[in-house]
1. Given Gly328, Gly271, Gly323, which one is outside any loop (DSSP other than H, G, I, E, B), touching a residue at least 12 places away in the same chain (Cβ under 8 Å), under 19 Å from Gly358 (Cα atoms) and among the small types (Gly, Ala, Ser)?
2. Specify which of the listed residues (Gln222, Gln185) is out of contact with any helix residue (DSSP H, G or I) (no Cβ under 9 Å at 6 or more places or on another chain) and either closer than 25 Å to Ser101 by Cα or open to solvent by 30 Å² or more (accessible area, probe 1.4 Å) (or both).
3. Looking at segment 202-216 only, could you name the residues that are open to solvent by 30 Å² or more (accessible area, probe 1.4 Å), closer than 12 Å to Gly231 by Cβ and out of contact with any helix residue (DSSP H, G or I) (no Cβ under 6 Å at 6 or more places or on another chain)?
4. Go through (1) more than 17 Å from the chain's Cα centre (by Cα); (2) buried (at least 17 other Cβ atoms within 10 Å of the Cβ); (3) small (Gly, Ala, Ser) one by one and return the number of the condition Gly328 breaks.
5. Please go through segment 362-389 and pick out each residue that is surrounded by 19 or more Cβ atoms within 10 Å (Cβ to Cβ) and among the hydroxyl-bearing types (Ser, Thr, Tyr).
6. Restricting to segment 390-412, and then to whatever is among the small types (Gly, Ala, Ser) and part of a loop (DSSP other than H, G, I, E, B), can you tell me which residue is most open to solvent (accessible area, probe 1.4 Å)?
7. Between Lys54, Lys66, which is assigned to a strand (DSSP E or B), open to solvent by 70 Å² or more (accessible area, probe 1.4 Å) and among the charged types (D, E, K, R)?
Amino acid sequence: MKCFLYAPFLCLCLLFSLEKSYGFEGRENAENHHSHTIETSSLFPSTSCKSSTKILSNNDTKASLKVVHKHGPCSTLNQDKTIAAPTDTEILLQDQSRVKSIQSRLSNPKTSGGNDVKVIDATTIPAKDGEAIGSASYIVTVGLGTPQKQLSLIIDTGSDITWTQCQPCARSCYKQQEKIFDPSQSTSYTNISCSSPVCSSLTSATGNDPGCDSSTCVYAIQYGDSSFTIGFFGAEKLTLTPTDAFNNIYFGCGQNNQGLFGGTAGILGLGRDKLSVVSQTANKYNKIFSYCLPSSSSSTGFLTFGCSDTKNAKFTPLSTSVGPFFYGLDFTGISVGGTKLAISASVFSTAGAIIDSGTVISRLPPAAYSALRASFRKLMSKYPLTKALSLLDTCYDFSNYSTISVPKIGFFFSSGIEVDIDVSGVFFASSISQVCLAFAGNSDAKDLLIFGSVQQRTLEVFYDGSAGQVGFAPGGCS
């Protein structure tokens with residue numbers, strides 16, 4: 001992608017598609033064409049933070065923020081020992097809750113009838129129509145208000161509304177590390193009235209009709225794991241970098257918040273609705289953003305709004321088959337160890353697919369997962385299998401190995417490209433004696449395929465909402 005400054009603020013990006021497929025480099029000591037050879041110690045994060053060597057640059061066309069895992073050593077939230085990190089089993093259970101919520105939202109996009117949602121009442125929110133937070137793990141720090149307050153927010157492509165906990169916490173606030181935002185101390189905060197068209201827009205963004213409290217618009221979101229946030233809908237100054245700040249960004253000022261948000265201050269909504277941060281900053285960034293999720297919880301990545309260098313990227317169109325909520329993709333196949341599996345394209349088209357930053361483990365149609373698992377197990381047959389970990393049924397005991405050879409896995413898309421998954425995206429490692437293939441099968445052939453965050457590790461993933469496409473580039477975090 002070549003970027004040119006156009007008019008005072010807009011970045012005109014010219015995309016050059018690459019016709020030839022080529023492999024992405026993984027984090028390995030040695031490799032052949034179809035497998036990675038890695039040290040087993042590399043399967044686990046370090047106890048200290050290893051920052052990316054990539055320099056985050058900011059200019060007139062883009063703004064870059066550091067991304068960290070909320071429970072890793074690179075996160076300031078990790079310093080608060082009273083906020084416990086979830087166990088591996090809890091992560092996978094929360095992940096399953098998120099997946100169920102995504103499936104539900106697609107089948108029933110909004111509540112019928114106008115619930116009069118009160119700012120202190122969570123009982124009127126139908127959970128089946130909620131959004132999905134589950135085990136979303138990656139955070140950035142942004143500034144909110146005037147003077148600005150630094151807040152750590154979960155980045156989520158599956159959420160549209162940006163929100164944070166707000167004083168006076170009329171009903172309940174969960175424990176967060178940073179001081180809770182107080183809108184009364186900001187000179188740039190304003191409430192949104194119930195009669196505003198923006199208030200009415202909450203229905204499509206949250207799946208719930210807005211409420212009204214003393215003429216102030218009230219939003220409500222319940223997530224798939226029964227976490228929720230309810231509060232006043234307002235407008236405030238959002239500061240992404242010292243040179244990139246936006247006035248009157250619509251956001252939720254939560255007065256009643258409970259759930260599994262891991263000590264963060266809330267959510268940064270990167271979805272496709274007009275109330276997402278991506279849409280609200282479109283005049284400058286043209287609905288273009290990218291991120292790189294780090295190889296482990298002890299490394300750093302980035303989130304960039306605006307143009308990025310895409311010379312090594314391969315693009316595929318956004319799919320319209322999954323509706324307007326999520327970033328849809330058209331999968332056509334999977335390869336293991338350099339061989340494309342014999343899976344009918346109809347297996348993928350029947351299910352539909354999205355890419356999601358908040359789902360941890362990629363979900364595949366039953367037939368696709370069965371083929372992947374059989375091929376992977378065959379190529380890994382020299383290593384001993386061990387007991388399953390929750391929904392992960394292909395787990396290995398590497399206790400007696402210092403190095404292992406891991407088959408490469410690739411995804412094929414309708415544009416003809418193949419995206420190789422980095423070796424850090426193949427396994428979910430609980431312990432050296434229980435290292436599991438990080439894919440799971442859906443129970444129904446019609447359930448959505450989800451390209452999860454583990455498989456996105458170290459890829460720079462480009463979202464170009466204006467051009468209607470998603471791109472992938474190798475080695476994005478370094």
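1. Numbers: Gly271 fails: outside any loop (DSSP other than H, G, I, E, B); Gly323 fails: outside any loop (DSSP other than H, G, I, E, B).
Being outside any loop (DSSP other than H, G, I, E, B), touching a residue at least 12 places away in the same chain (Cβ under 8 Å), under 19 Å from Gly358 (Cα atoms) and among the small types (Gly, Ala, Ser) holds for just one of Gly328, Gly271, Gly323, which is Gly328.
2. Working: Gln222 fails: out of contact with any helix residue (DSSP H, G or I) (no Cβ under 9 Å at 6 or more places or on another chain).
Exactly one residue qualifies, and that residue is Gln185.
3. Step one: list which residues in segment 202-216 are open to solvent by 30 Å² or more (accessible area, probe 1.4 Å), which gives 204, 210, 212-215.
Of the ones still in play, those that are also closer than 12 Å to Gly231 by Cβ are 210, 213.
Passing the criteria: only Asp213.
4. (1)
5. Residues satisfying the conditions are Ser362, Tyr369, Ser375.
6. Step one: filter segment 390-412 for residues among the small types (Gly, Ala, Ser), giving 390, 399, 402, 405, 410.
Keeping just the survivors that are part of a loop (DSSP other than H, G, I, E, B) gives 390, 399, 402.
Numbers: Ser390: 64, Ser399: 63, Ser402: 87 Å².
Only one residue tops the list, namely Ser402.
7. Values: Lys54 fails: assigned to a strand (DSSP E or B).
On inspection, the qualifying residue turns out to be Lys66.
The values are calculated or read from the model by the stated rules, or taken from the named source; none is laboratory data. Worth saying up front: this structure is predicted, and the values here are computed from it rather than measured. Positions of Cβ are generated from backbone atoms using ideal geometry, with glycine treated the same way; all protein chains shown enter the neighbour counts. Please note that ligands, DNA and RNA were not included when accessible areas were found on the heavy atoms of the full protein model with its side chains. Shrake-Rupley method; radii C 1.70, N 1.55, O 1.52, S 1.80 Å.
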